[in-house]
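The structure under discussion appears below in the form of structure tokens.
The values are calculated or read from the model by the stated rules, or taken from the named source; none is laboratory data. Nothing here was measured: the structure is a model prediction, and the numbers come from that model. FYI the Cβ positions are ideal-geometry reconstructions off the backbone, even for glycines, and counts take in every protein chain you see. Just so you know, the surface numbers come from the protein's heavy atoms only, side chains and all, with ligands and any DNA or RNA stripped out. Shrake-Rupley method; radii C 1.70, N 1.55, O 1.52, S 1.80 Å.
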Amino acid sequence: LNAPLHMRRKFLSARLSMELRKKYNKRNQPLRKGDNVKVLVGDFKGKIGKINRVNVKALKVYVDGIEKVRKDGSKAFPALEPSNLMIMGLNLDDKLRRKTFERKTSVKKDAPK
């Protein structure tokens, strides 16, 4: 892909857990540093950790608590594919990100039944 970085950020999206999906009326969200995620596919399936780095250029995510041991004994964070992750908890420290979620929930509450 030759998309610019501001567009590649959208490619780093993962689906929300069922609780978050009901709460915020959204299906997926771009990943951010500080989000809690669960690995759904691969060697680390079922593990939960906090994102410590997002590489927009390579479209990879690195998660605390998920480490591989190299042959020399040192530890490394394996690069994870965002599509293999599920967001379990959101980092809402950023005012703009919090505002987008509040906007979605207010639309849900005002909808006629």
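General remarks:
- Residue ID - farthest from LEU85 (Cα to Cα), chosen from residues in the stretch 38-57 that are out of contact with any Gly (no Cβ under 9 Å at 6 or more places or on another chain), surrounded by 12 or more Cβ atoms within 10 Å (Cβ to Cβ) and of a type in the set (A, V, I, L, M): VAL56
- Residue list for the stretch 74-95, filter: open to solvent by 30 Å² or more (accessible area, probe 1.4 Å) and more than 11 Å from the chain's Cα centre (by Cα): SER74, LYS75, PHE77, ALA79, LEU92, ASP93, ASP94, LYS95
- Close Cβ contacts (under 6 Å, 6 or more residues apart or on different chains) running from residues in the stretch 42-66 that are more than 19 Å from LEU5 (Cα to Cα) to residues that are part of a strand (DSSP E or B) and among the charged types (D, E, K, R) comprise ILE48/LYS38; ASP64/LYS50.
- Residue check for TYR24: touching a Phe, Trp or Tyr at 6+ places or on another chain (Cβ under 8 Å), open to solvent by less than 40 Å² (accessible area, probe 1.4 Å), at pLDDT 95 or above and under 30 Å from ARG103 (Cβ atoms): no
- Within the stretch 17-35, residues that are farther than 21 Å from MET7 by Cα have Cβ atoms under 8 Å from residues that are part of a loop (DSSP other than H, G, I, E, B) and open to solvent by 20 Å² or more (accessible area, probe 1.4 Å) in these pairs: LEU20/LYS26; LEU20/LEU90; ARG21/ARG27, counting only partners at least 6 apart in sequence or on another chain.
- Identity of the residue in the stretch 1-28, under 17 Å from ILE48 (Cβ atoms) and not basic (Lys, Arg), that ends up nearest to the chain's Cα centre (by Cα): ALA14
- Unique residue being in a loop (DSSP other than H, G, I, E, B) and open to solvent by 100 Å² or more (accessible area, probe 1.4 Å) when the list is LYS33, LYS10: LYS33
- Every residue from the stretch 59-73 that is of a type in the set (Gly, Ala, Ser) and either within 15 Å of VAL39 (Cα to Cα) or surrounded by 11 or more Cβ atoms within 10 Å (Cβ to Cβ) (or both): GLY65
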